[in-house]
1. Could we say that Ala29 is over 11 Å from the mean Cα position of the chain (by Cα), small (Gly, Ala, Ser) and either within 14 Å of Thr6 (Cα to Cα) or surrounded by 13 or more Cβ atoms within 10 Å (Cβ to Cβ) (or both) here?
2. Taking the stated definitions as given, is Val39 among the β-branched types (Val, Ile, Thr) and either touching a residue at least 24 places away in the same chain (Cβ under 8 Å) or surrounded by fewer than 16 Cβ atoms within 10 Å (Cβ to Cβ) (or both)?
3. Might you let me know whether region 17-24 holds any residue that is loosely packed, with under 14 Cβ neighbours inside 10 Å and acidic (Asp, Glu)?
4. Can you tell which of Glu46, Glu50 is surrounded by fewer than 14 Cβ atoms within 10 Å (Cβ to Cβ) and charged (D, E, K, R)?
5. Being in contact (Cβ under 8 Å) with a residue 40 or more places away in the chain, charged (D, E, K, R) and out of contact with any helix residue (DSSP H, G or I) (no Cβ under 6 Å at 6 or more places or on another chain) is the requirement here; does Lys14 meet it?
6. Would you check if there is a residue in region 68-84 being under 15 Å from the mean Cα position of the chain (by Cα), more than 16 Å from Glu25 (Cβ to Cβ) and either surrounded by fewer than 15 Cβ atoms within 10 Å (Cβ to Cβ) or not hydroxyl-bearing (Ser, Thr, Tyr) (or both)?
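Nothing in this text is a laboratory measurement; each read-out follows from the coordinates by a stated rule. This is a predicted model, so every value here is computed, not measured. Because the Cβ atoms are built from the backbone with ideal geometry, glycine has one as well, and the counts that use them run over all protein chains shown.
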Amino acid sequence: MYVRMTFFKVLQGKMEELRNHYVNEVIPAHANHKGIRFVHLFENMENPEEGISITAWDTKGDLEAYEKSGDYQKIVGRFEKLFAGTPALKSYEVTASSEPMILRIF
């Protein structure tokens, strides 16, 4: 699995607006991309102006196809007026993971 993380800061008091756009635009924009596993928005509990957008992809090829589609640039462009600075994009390969544990009662 491959993960893309966009680290960002928003202008003071703009996180709720960003969250609303995220739910209404970012999540649906990923629905038709091959290999998408999830789209998550994380908001920093100590600093309400910091957040991370995370997407996960089945294969490196799926991630690269998304990158080449130009959709990321379009999405980030819609949020420019809310950002305090330039977001930082980083990509990672998941090399160790665990599935949720299931408690069995016998």
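1. It is true that Ala29 is over 11 Å from the mean Cα position of the chain (by Cα), small (Gly, Ala, Ser) and either within 14 Å of Thr6 (Cα to Cα) or surrounded by 13 or more Cβ atoms within 10 Å (Cβ to Cβ) (or both).
2. Judged against the criteria, Val39 is not a match.
3. For region 17-24, residues loosely packed, with under 14 Cβ neighbours inside 10 Å and acidic (Asp, Glu): absent.
4. Selected residue: Glu46, the only one of Glu46, Glu50 that is surrounded by fewer than 14 Cβ atoms within 10 Å (Cβ to Cβ) and charged (D, E, K, R).
5. no
6. No: zero hits.
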